[in-house]
Each structure stands twice: as C-alpha cells, then as structure tokens.
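Engineer: Below are the structure tokens for one structure; questions will follow.
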Amino acid sequence: MRVSRRILLQNLIKAGAVATATITLPEYAAFSATSLIEPKRIRSSKGILNVTLEAKPTMLPFEGGKRWALTYNGTFPGPTLVAKPGDVINVTLKNSTNEMTNLHTHGPHVSPSGNSDNPFIMVAPGKSFKYQYQIPKNQEPGTFWYHPHHHESVAKQVSAGLVGAIIIEGESDKLLSKFSDRTLLFADPRIGTTSSVMDTNMMDQMHGRIGDYILINGQMSPAINASKGISERWRLVNASPSLFLNLSVESSTFTVIGTDGGRTKPYEVNKLQITPGQRYEVLVNSSKSGSLRIYDGRNIIGYLNTGINKTVTPVLPAVPALKATKVRTLAIEQGGSGMMSGMRFTFNGETFDPNKVNQKVALNTVEEWVITNTSHMVHPFHIHAWAFQIVDRGDGKPDPGWKDTVAIPVGSKVRIRINFADFGGKTVYHCHILDHEDIGMMGIVEVK
Ligand code: C2O
Ligand code: CU
Ligand code: CU
C-alpha cells in the first residue's frame, strides 16, 4: 500500500513534527509495472511549428483508475514542442476550461511583448488566442517548458496538469546524437476524481502545495529501459509548483551537460537539486547493472534498467562569463500587516501590482542583481525572457551555465548577472513556488 506524501505530511503536522516545509518523507514506492512513456514530440518543419494547444478538463488513467486533471490536448504532460534557433512557433491556445488562462514559454529568449511571451494576456473560457514566438538565431539549444501564467491561478493550473516541454535543437545536438534522448518531466499533482482536488488553504499557499506522489511524465515509479551500449541522456524538467527535487540514481552519477538556458561545459555530480521551474540535461553513468532505483531524496520515484555504463563525455565549451555594469538589490522578506502578518513574501517590501513597474532596466546592458532572503523559506527566483549566470549561489561559489531560475537559500545573498540583450519589453520576475507567485511574490521589470 502506497501512502501519499500529502497524507503523511498532514499526519506529521498534526503530530507537531513539522516546523518548516523542508521535510523528508519515507519511501512509498517499491515496484514498477510500467515503462516510461514520453510525451509526443511535435517538430518544426521549414522553420515553422504550428500547433493548437487545447486546455481542457480530462480524466486521465491512473494506477488502474482515473484522476481528474487539466491537460493540453488530453495528455499529461502536453506535447513536447521541438524547434531550432531562428524558427517561428505559432501556438493557438484554446481555452476549454471554465476559468481564465494564458500561456508562458519558460526559458527561451523570446520577446515578452505583443502576442509573444506576454504574461499579461488573458484568455477567457471558450476563447482562443494566437501566440507567435520568434526563436532568435542566437538561442542556446536546450530544454525549456510551457505553462499558464494567469496571476492567482498559476499554481492551481500547473499542478492540475497544464505543462509541457520545449526543446530547441542546435549544433551541439549533433555531438549528442549517440545518446538516447529522453524527456523526464517531474510533477506532484494531487490525486482525485473531481476538480475539488485542487482546493487549497492558506497553509498550502504559505508552504507551497504538496502533491500526493512524485510522478515522472505522469507515471508512478516508471521504469526506463536503457538501450544497450548507449548512455542515457535525460532532459529533466521540474514542473512541480513547489517541490525541490533531490534527484539521484542508485550506483550512478550524472554528467551535467546543460542547465536551464543552454548547454554547459560538462561536470559530474552524484545528485542534483532541481528547484521548481529548473531544468538540467544530464548523461547517466552507472557502475552497476540491473534495475537501479531513481530517488527523490529517500523516496523511490522510478527505475533505470541498465548495464554498466561509463559515459564518454562530449566536448562542450564553457559559457563565457558576463560582466555587469550596474548592481541592483532585491530583498526577499516575509511580512504583511494585520490578519496577513507574516503570511506573505515580498520583494523589497512590495507585492505584485499589475500597474507598477518595479525595476527599470536599460536595453543591452548586463546587470548584477544581489538577492537576499531574510524569510524562513528557500525561494526559487525566476525571471522571464533574459537568461542569467550565477556568480555567487549564496556560499561564495558560482554555478556554471545559463540559468533562469535560482534558489535563494535562507539567510543568504545570491548574485546573478542578467543579460538584458536583443529586445526590450515589460515582463515579470517572481518566486517559482507558484503559490507564492499567486499571493503576490512577483514584480514587473521593464527593459528599454
Ligand atoms: Cu515558469 Cu513566470 O514562470
Ligand atoms: Cu518563466
Ligand atoms: Cu517563494
């Protein structure tokens, strides 16, 4: 019998055993009956990718029964969109839900204006909207994703299942063609048969909602069957609204070849912390053969059926370091007044105001943002449209590669350099614990 993480957490809270949102829960999965299924890939051809994404309520098959979800085109995750630098992606978003929604492309360097990645567009129930994304020629190849961004319902809609991956293929993919290319999208939805499964309370919003099980591509502890003699290459997407995934594979290491915003000079790690919103691309090296457990912390969330496997590390260049011309500070605080005292998180004391520009930035400059956190929780900071580099992740050390999401540990000072290049526009930065974003932990940046 598998015990849900959420039920366990509720019992721990009742027993007074939980003081913060960071907890380790016991193992709940112990076998695997199914092979990993990957979302269908839709590719661009002759420079154009045309796709309709219909957001709709769907009963998804789950563990011999059914569960309620919101999906794009009836599957969870939605289709993976595959394009190349220089391509145009045309998405018709059709809203067949009974609430307001919209679409955000998380990560690619595309304009936040007009009908591009504009988070201020709203699509009413029964309506459609045509988005157009011009992928720039200088786009780093890598793994990105899409999800709704309608303020106050982001956590709910993402948790309900409105997520999918975007792959941009470039020159460096040719070097990687000898590896098996898999997309693994992690999510922890709440399991139930009606939409009421999405109901939350103030506790959920403060801690970030926790789901019942950690699923890979919507499956409970699936098995990944490695092809013989080929290393596994995984594109990892953390699409959970609030889960900090601590990923490892038994008797294996990861060679990291890509981060949020593109490829990086390879480096090896035993495990990876992936915050909500982040991506990594890894090669998997296994020193044992057989059915190896895939873990989040101590929880088994899947299996890798493989032989002994030492990856031949591809030669990929280091990302050239950015130099900043301006420093800006952003303080994450916990506060509020009256009833809300202590119950919300702010940037520089402010919560989201759709009519206020919080940061004005000059186009084609690099800024260093110094982000401090005096609240009691780790927050994953995220900014749209322009990628950054982490020069100090809070412990004095840099983190390699292009990023768009970074954990700001409690009591730390993190320094990032953001490349506000190529196009201006107005968009948002926010906490990627999506419940925090929905209660106002978001600001507007205008670049011109
Ligand atoms: Cu993944 Cu503003 O979001
Ligand atoms: Cu985003
Ligand atoms: Cu937060």
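The values are calculated or read from the model by the stated rules, or taken from the named source; none is laboratory data. Note that this is a predicted model, so its numbers are computed, not measured. With ideal geometry, Cβ positions are generated from the backbone for all residues, glycine too; neighbour counts draw on all protein chains shown.
Engineer: Go through SER291, SER375 for me and flag whichever is of a type outside the set (D, E, K, R), over 21 Å from the mean Cα position of the chain (by Cα) and within 16 Å of ligand 3 (Cβ to nearest atom). Explain how you work it out, then say what you get.
Structural biologist: Working: SER291 fails: within 16 Å of ligand 3 (Cβ to nearest atom).
Matching residue, one of SER291, SER375: SER375.
Engineer: Still on this structure, please answer the following. If you take the residues of region 98-120 that are out of contact with any helix residue (DSSP H, G or I) (no Cβ under 8 Å at 6 or more places or on another chain) and among the polar types (S, T, N, Q), which of them is farthest from ligand 1 (Cβ to nearest atom)?
Structural biologist: ASN98
Engineer: Can I ask one more? Being in a strand (DSSP E or B), more than 16 Å from ligand 3 (Cβ to nearest atom), in contact (Cβ under 8 Å) with a residue 40 or more places away in the chain and within 15 Å of the chain's Cα centre (by Cα) is the requirement here; does TYR280 meet it? Before you say what the answer is, go through the steps one by one.
Structural biologist: Values: in a strand (DSSP E or B): yes; more than 16 Å from ligand 3 (Cβ to nearest atom): yes; in contact (Cβ under 8 Å) with a residue 40 or more places away in the chain: yes; within 15 Å of the chain's Cα centre (by Cα): yes.
So TYR280 passes the test.
Engineer: Determine whether region 166-181 contains at least one residue that is of a type outside the set (D, E, K, R), farther than 30 Å from ILE7 by Cα, in a helix (DSSP H, G or I) and over 13 Å from the mean Cα position of the chain (by Cα).
Structural biologist: Going residue by residue through region 166-181, those that are of a type outside the set (D, E, K, R) are 166-168, 170, 172, 175-177, 179-180.
If we keep only those that are farther than 30 Å from ILE7 by Cα as well, we get 166-168, 170, 172, 175-177, 179-180.
Now drop any that are not in a helix (DSSP H, G or I), which leaves 172, 175.
Restricting the remaining residues to those that are over 13 Å from the mean Cα position of the chain (by Cα) gives 172, 175.
Scanning region 166-181, I find at least one residue that is of a type outside the set (D, E, K, R), farther than 30 Å from ILE7 by Cα, in a helix (DSSP H, G or I) and over 13 Å from the mean Cα position of the chain (by Cα), so the answer is yes.
Engineer: OK, next. Looking at LEU243 and the list (1) within 17 Å of the chain's Cα centre (by Cα); (2) in a loop (DSSP other than H, G, I, E, B); (3) farther than 30 Å from THR311 by Cβ; (4) not hydroxyl-bearing (Ser, Thr, Tyr), which single condition is not satisfied?
Structural biologist: Going through the list (1) within 17 Å of the chain's Cα centre (by Cα); (2) in a loop (DSSP other than H, G, I, E, B); (3) farther than 30 Å from THR311 by Cβ; (4) not hydroxyl-bearing (Ser, Thr, Tyr), LEU243 breaks only (3).
Engineer: Here is a follow-up. (1) more than 11 Å from ligand 3 (Cβ to nearest atom); (2) within 19 Å of the chain's Cα centre (by Cα); (3) closer than 27 Å to SER153 by Cα: which one isn't true of GLY401, the others all being true?
Structural biologist: The single condition GLY401 does not satisfy is (3).
Engineer: Okay, moving on. So which residues in region 370-407 are assigned to a strand (DSSP E or B) and within 16 Å of ligand 2 (Cβ to nearest atom), if there are any at all? Reasoning before the result, please.
Structural biologist: Looking only at region 370-407, we keep the residues that are assigned to a strand (DSSP E or B), and these are 370-373, 379-383, 388-392, 399-403, 405-407.
Scanning region 370-407 gives HIS379, PRO380, PHE381, HIS382, ILE383, PHE388, TRP402, LYS403, THR405, VAL406, ALA407.
Engineer: Looking at LEU304, LEU330, LEU322, can you tell me which residue is more than 30 Å from GLY290 (Cα to Cα), in a strand (DSSP E or B), touching a strand residue (DSSP E or B) at 6+ places or on another chain (Cβ under 7 Å) and modelled with pLDDT of 90 or more?
Structural biologist: Numbers: LEU304 fails: more than 30 Å from GLY290 (Cα to Cα); LEU322 fails: in a strand (DSSP E or B).
Just a single option satisfies the conditions, and that option is LEU330.
Engineer: Filter region 144-173 for residues that are more than 15 Å from ligand 1 (Cβ to nearest atom) and not small (Gly, Ala, Ser); which is nearest to LYS40 (Cα to Cα)?
Structural biologist: Going through the qualifying residues, I end up with ILE167.
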